[in-house]
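The numbers here are math on the coordinates, done by the rules we state, and not lab data. Keep in mind the model is a prediction, meaning the values are calculated, not measured. Don't worry about glycine lacking a Cβ; one is built from the backbone with ideal geometry, like all the others, and counts go over all protein chains shown.
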Amino acid sequence: MSTLKRLSSYAGRRKALLPLSLFLSAIGALAGMAPFILIWLIVRELLAAGGIPADPGYIVALGWWTAATAAGSVVLYFAALMASHLAAFRVESNLRREAMRRIVRMPLGFFDTTTSGRIRKIIDDNASITHSFLAHQMPDLAATILVPVAALVLIFAFDWRLGLASLVPVVASMGLMAFMMGAKGRRFMKSYMTALEEMNTEAVEYVRGIPVVKVFQQTIFSFKNFHRSIMNYNRMVFGYTRMWEKPMSAYTVIINSFVFVLAPVAILLIGRSGDYAQVMPDFFLFALITPVFSQSIMKSMYLDQALGQAAEAIGRLDKLTAFAALPAATGPKPVRNFDIGFDNVSFRYPDAAQKAVDSVSFTIPEGSTVALVGPSGSGKTTIARLVPRFWETTGGIVSIGGMDVREIDAQELMRHVSFVFQNTKLFKTTLLENIRYGNPDAPMEEVQRAVDMAQCREIIDRLPQGLDTRIGVDGTYLSGGEQQRIVLARAILKNAPIVVLDEATAFADPENEHLIHRALRELTKGKTVLVIAHRLTSVTGADRILVVEKGRIAEQGTHRELLEKNGIYNHMWNEYRQSVSWTIKKEDHHA
């Protein structure tokens, strides 16, 4: 009932359609019982009259009523399905809408730990599961309860002896069904949906990585995770099917064997009383009604399974969207200036044992540039992502203009910070729309200026449709460096006073790198800049360089000051210069 209550809360104005569907289904089910009684009356009348009824019109009238009640049952059930489908579509769409509303409010760090394949699977497929339950199985809920009760009343009202005989296979089959739909069935449903999620996630990641797979000829190696998820699913489903094999075969035989119990009992009753005219109509009635029990049991099985799936689906949607959202600022204040401060800041990723950032303190005066350098995994990117509040700090304060970022309205914080990361993201739309994501209301003059400042003009000019060229299969593909320049144009158009750069030239070739550096100079002019770089030559001109090691600031100073300290930075600089001077020489085999 809790699952039904939760689902109905998403039905909105169509909430009343769910009980209406149950009511229509119940009335239709009762109407479906009427033909059995009418047929019993016809058979009794014919047997009592020796096959020639005294009043043929009465038999004809009963025949018409039989057809009418059967047709009415179908019409009522069809109306119940219409009502349930309308409600189910509303629930499904509202579930998707509500899930996406929660997703877009998640901290940006959420998307670093949750794959897009898993998000799509949980939201899309689980919403569809709830639709299937509400639209198809829920209307059967009333009939599944009401019809067996009505059938029991009829059975014992006509002949309790035949009634007991007809219930023997029903009771046995219900025992088997309870065994099959027990705790093992519920555990399987949970494992089944988990396996589907894993398989879907691996499929999405594999398809997205196909270009890399083909380039490096790693087809078999890259397929391992996807293949493993498929085989895990196969083993689980095959094992569960084998577990059901014998019980289901026994159930099918028993539930359909009621005639083999009814017939001997009816023969014994006729032999004892000699009144076949009384026993035979009851026998026909029970032969017609008893299959209703088997249908109800099967419906209850599908209903229980669908209800379990719906409950699991709702649970998985809740679990996905239960990721702790960042608390909204209470009484937010406007940002007046744009210096950045870290005051004894610490941060630990969810479920991580060690801190990724440990007691970090530094300031970036407004209009200056500070660079973060250090080995991979040292915490540079994490520090940078705490500025726009991708994650909530576990200790200390990150401030902008002297204000704790937690006291700044989230939308205003985003307006004041531009990001350029090494993994660019262009949408499958036109270049113009991709650039305008930085400022949707910007006039074309400002867009063109951003294109020129980002060194994108030669990219635009060589495309037949210019800025109206679409990205992707329906348009064009850009190299990594070209994509980075388009992203820089987006950031320039946004014109935020704070810029966070995370390895902005990581995947650029030498020509693109030169152009990207020119674009970066335009982007960062007069801005407060926090830059992360592995290529140390790109940050030698920074106002201050922070050397990060194991989540802490190990050294800081200008390029020259750090070299004079002869510490970690000096070691990194010497290694970098040595790597730049590496050359590949052909070995002389004739020496």
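Tell me which residues come under 5 Å, amide H to amide H, from ASP502 once H is placed; ignore anything under 5 positions away on its chain.
Hits under the 5 Å cutoff: VAL420, PHE421, GLN422, ILE532.
Can you list residues whose amide H is under 5 Å from VAL548's amide H, if they're 5+ apart or on another chain and H is modeled 1.01 Å from N?
Here VAL373, GLY374, ALA554 satisfy the definition.
Beyond 21 Å between alpha-carbons counts as too far, so tell me which of LYS494/LYS527; LYS428/LYS525; LYS121/LYS319; LYS425/LYS494 fall in that bin.
The answer is LYS428/LYS525.
Using a Förster distance of 22 Å, how high is the FRET efficiency between ASP441 and MET414, based on the Cβ-Cβ distance and rounded to 0.05?
Result of the calculation: an efficiency of 0.90.
Which cross-chain or sequence-distant (5 or more) residues have an amide H under 5 Å from the amide H of THR476, H modelled 1.01 Å from N in plane?
HN-HN under 5 Å from THR476: ARG470, ILE471.
Normalising by the residue count of segment 80-134, find the relative contact order in percent from Cα pairs under 8 Å and 6+ residues apart. Can you show the working numbers first?
Details: 22 pairs, mean separation 38.2, N = 55.
Computed value for segment 80-134: 69 percent relative contact order.
Please order SER538, SER376 by the number of other Cβ within 10 Å, starting at the fewest.
Details: SER538 20, SER376 7.
With the sparsest Cβ surroundings first, the list reads SER376, SER538.
Please give the net charge around SER418, taking every other residue with its beta carbon less than 13 angstrom from that of SER418, where Lys and Arg add +1 and Asp and Glu add -1. Before the final figure, lay out each step's value.
Values: positive: ARG415, ARG490, LYS494, LYS525, LYS527; negative: ASP502, GLU522.
For residues surrounding SER418, the net value is +3.
Please compute the contact order of segment 340-580 in relative form: average sequence separation of alpha-carbon pairs under 8 Å and at least six residues apart, divided by the residue count, as a percent.
For segment 340-580, the relative contact order is 27 percent.
Would you be so kind as to identify all helices of the chain, as entire DSSP H runs, whose Cα atoms reach 15 Å or more along the helix's own axis and whose mean Kyte-Doolittle hydropathy is at least 0.5?
Both cut-offs are met by 17-48, 56-104, 139-158, 160-180, 258-273.
Would you kindly derive the ³J(HN,Hα) couplings of segment 457-468 from the backbone phi angles with the Karplus curve 6.51 cos²θ - 1.76 cosθ + 1.60 (θ = phi - 60°), listing them in order in whole Hz, with x for Gly and Pro?
Values, residue by residue: 4, 5, 5, 5, 5, 7, 8, x, 9, x, 5, 8 Hz.
Using Cα pairs closer than 8 Å and at least 6 residues apart in sequence, work out the relative contact order for the chain, in percent.
Normalised by residue count, the contact order of the chain is 14 percent.
Quick check for me: using +1 on Lys/Arg Cβ and -1 on Asp/Glu Cβ, what's the dipole size of the chain about its Cα centre, in debye to the nearest 20?
Around 540 debye, computed over the chain.
Report ³J(HN,Hα) in whole Hz for each residue of segment 341-347, in order, from the Karplus equation J = 6.51 cos²θ - 1.76 cosθ + 1.60 where θ = phi - 60°; Gly and Pro get x.
Residue by residue, segment 341-347 yields x, 10, 10, 6, 7, 10, 8 Hz.
Please give the contour-minus-distance gain from ALA263 to LYS565: 0.36 nm per residue of separation, less the Cα-Cα distance, rounded to one decimal in nm.
Numbers: separation 302, 0.36 × 302 = 108.72 nm, distance 10.20 nm.
Additional length available on full extension: 98.5 nm.
Extending each Cα 7 Å along its Cβ direction at LEU196 and ALA322, get the distance between those two points in nm, one decimal.
For the pair LEU196/ALA322, the computed spacing is 2.0 nm.
Which whole-Hz couplings ³J(HN,Hα) result when phi for each residue of segment 372-384 is put into the Karplus expression 6.51 cos²θ - 1.76 cosθ + 1.60, θ = phi - 60°, listed in order with x for Gly and Pro?
The phi angles translate into 10, 10, x, x, 4, x, 7, x, 4, 5, 4, 4, 4 Hz.
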